[in-house]
1. Over segment 380-501, give the accessible area per residue in Å² for a 1.4 Å probe, as an integer.
2. Return the Rg/Rh value of segment 306-347, two decimal places, where both radii are evaluated on C-alpha atoms and Rh is the Kirkwood radius.
3. Counting only protein heavy atoms and using a 1.4 Å probe, what share of the accessible area of segment 236-319 belongs to carbon plus sulfur, as a whole percent?
4. Starting from the Cα gyration tensor of segment 298-422, take the square roots of the eigenvalues, sort them a ≥ b ≥ c, and report rounded, prolate or oblate (rounded when a/c is under 1.5, otherwise prolate if a/b is larger than b/c, else oblate).
5. Going by accessible area, probe 1.4 Å, with all protein chains left in place, what is the ranking of TYR261, TYR456, TYR371, largest first?
6. Between LYS454 and GLN164, take the C-beta separation as r, use R0 = 45 Å, and let me know the FRET efficiency to the nearest 0.05.
7. Can you work out the FRET efficiency for the pair ARG323 and SER114, with r the C-beta to C-beta distance and R0 = 56 Å, to the nearest 0.05?
8. When ranked by the protection proxy of mean other Cβ atoms within 10 Å per residue, highest first, what sequence do the peptides 435-441, 199-205, 358-364, 387-393 form?
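The values are calculated or read from the model by the stated rules, or taken from the named source; none is laboratory data. Fair warning: this is a prediction, and the values are worked out from it, not measured in the lab. Cβ coordinates were reconstructed from backbone atoms using ideal geometry, including for glycine residues, and neighbour counts include every protein chain displayed. Note: areas computed on protein heavy atoms with side chains; ligands, DNA, RNA excluded. Shrake-Rupley method; radii C 1.70, N 1.55, O 1.52, S 1.80 Å.
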Amino acid sequence: MKNRKHHRETEVFLGFPIILLCRRRSNIFQLVPFFTALSIVVLILFVLMSYIAPPIDSRHDQFISLFYNGTEPRRNLLEEQVIQEPMGEGRLSRDIWNSKKSNFYHGCSIASDSFPTAEVNTFPNRYLLIATSGGLNQQRTGIIDAVVAAHILNAVLVIPKLDQQSYWKDSSNFSEIFDVDWFISYLSKDVKIIKDLPRMGNDLIIPHTTRVPRKCNAECYQTRIQPILNKKHAVQLTKFDYRLSNHLDTELQKLRCRVNYHALKFTDPIIQMGKKLVERIRKKSQHFLALHLRFESDMLAFSGCYYGGGEEERRELGKIRKRWKTLRVTNPDKERKNGKCPLTPEEVGLMLRALGFGKDVHIYIASGEIYGGEDTLAPLKAFFPNFYTKETLASKEDLAPFSSFSSRMAALDFIVCDESDVFVSNNNGNMARMLAGRRRYFSHKPTIRPNAKKLYKMFTDRNNMTWEEFSSHVQKQQIGFMGDPMEVKPGRGEFHENPSACICEDTNVKAREDVSIPRSPAMIFGEGTDSADDGTRKSFGEVTDRRIIEDEQYWFDTDYMENEVGGIQSIGGATISLRELNI
């Protein structure tokens, strides 16, 4: 019955046009053009459906797109194709695990004989207290600059208080993260440091609380704070991060380096756990790369960038973004075009493979919870299957003493990233800058910063070029962003990222290996060059020319902006444009 019905329906369907034509024979010639056009369209569709198949192209970017649109067989096809890619060939004409000419340069932060010691420099009954702000590395900047500020003010420094009320809600105090006795002992010749504010007779000293402007130089501290200190005997400076000028004289900059690279040492439990993580990677591979991915939801929300997730992404990140009420509205496309957005995990992977890091490279990821989870990480893991985090290298029991404290977990990431053969930052936040400067100071270990503005065009146009062309372009655009000596002019940029006053060149070694290229000291060192007494080392010194406009941009942690009075800190009455965050 059903078959007869179906047959009848078919007859009706096929016969209807004929019946229509028979009834309207007078109009048949008017319908000829219609049927002709219809026949041509049907023929074209048939040909297209018969012959067009998904192209299998050797260019890597087309296969990456399958992660977002494809099925499991296509995912497997991608993985096979990555192996076949000529990405292990055509590497940079350099050892990718070492910085070029790094053996010519080294950290040098010893004070000169003219620098006054703490015994001479410290005045009686003057105490400086500091309340830091933000996450671990933001607080680190405050601790470093607190020592310098105490020296400027001829004051005794009380061990700084760490921010326990910020977004991270970490209750750790100074002695639970840093070796406090080592800190006091190492700096004893520079600044007198005590653990607690003493009594004056039977009375407690009540410190006067205030705040200094950002980038306050030595004269600023002497003008604004010293009179208060003379009167009140104790001053507490709050929200103390980036409250000291980027440009100081060389001796004060070297003091900064002594604090940062020698005095600030993590506690033994943190160091031991960090070493375990490094040892576990080293057992698997001679070399490894560490990546500070920083692709968490708060980072993306704060940056105002957009990554193609549609209305769901806009709704989710927009909700988080409301936490900072006075953030300006940004143009996401413009931000990415100007290189002010973090690269996606896929883009980071493409950049690293283009630079010559093969699929066999072992990679450590320093990051919180990635926005988009495993789907977002999938392309990066396909590039680098040897993929590690704290959680994959250590058990829950191993991490138990640290896991409830964000700063201690960040300290573990800091140690692994510092010990890595190559460090890659995906933003210009506090941790990235701190590590970049530290790695310059200790032998210029490679530190790759994506040239995001230039790479944007490469990622946009990658469908229009071969893999070899793409790789060549990426390598060209990354020149000057690989952590080599002298990439940044001495004195330019944020000091913690480029501690040029604390970098010396061994001219004897340079002369032996570079005798065929005569250069004047000015060509080598630029402004602010100082010679060592023995004539074998030269310090880059500091560029302090006030005609040079200091970079006004500072990179903050989410918690700093959340707790700042009135929302966002301002400079000169204008709201700061904030694009990068850090753990």
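1. On the way: 4420 Å² over 122 residues.
Here the residues of segment 380-501 average 36 Å² of exposed surface.
2. Numbers: Rg = 11.2 Å, Rh = 11.5 Å.
Value, to two decimals: 0.97.
3. Details: 1420 of 3020 Å².
That share works out to 47 percent.
4. Values: a/c = 2.08, a/b = 1.31, b/c = 1.58.
Cα axes put segment 298-422 in the oblate bin.
5. Numbers: TYR261 15, TYR456 75, TYR371 45 Å².
So, going from the largest accessible area down, we get TYR456, TYR371, TYR261.
6. Details: r = 41 Å, r/R0 = 0.91.
FRET efficiency, LYS454 to GLN164: 0.65.
7. 0.70
8. Working: 435-441: 23.7, 199-205: 8.7, 358-364: 19.1, 387-393: 16.3.
Top of the packing list down: 435-441, 358-364, 387-393, 199-205.
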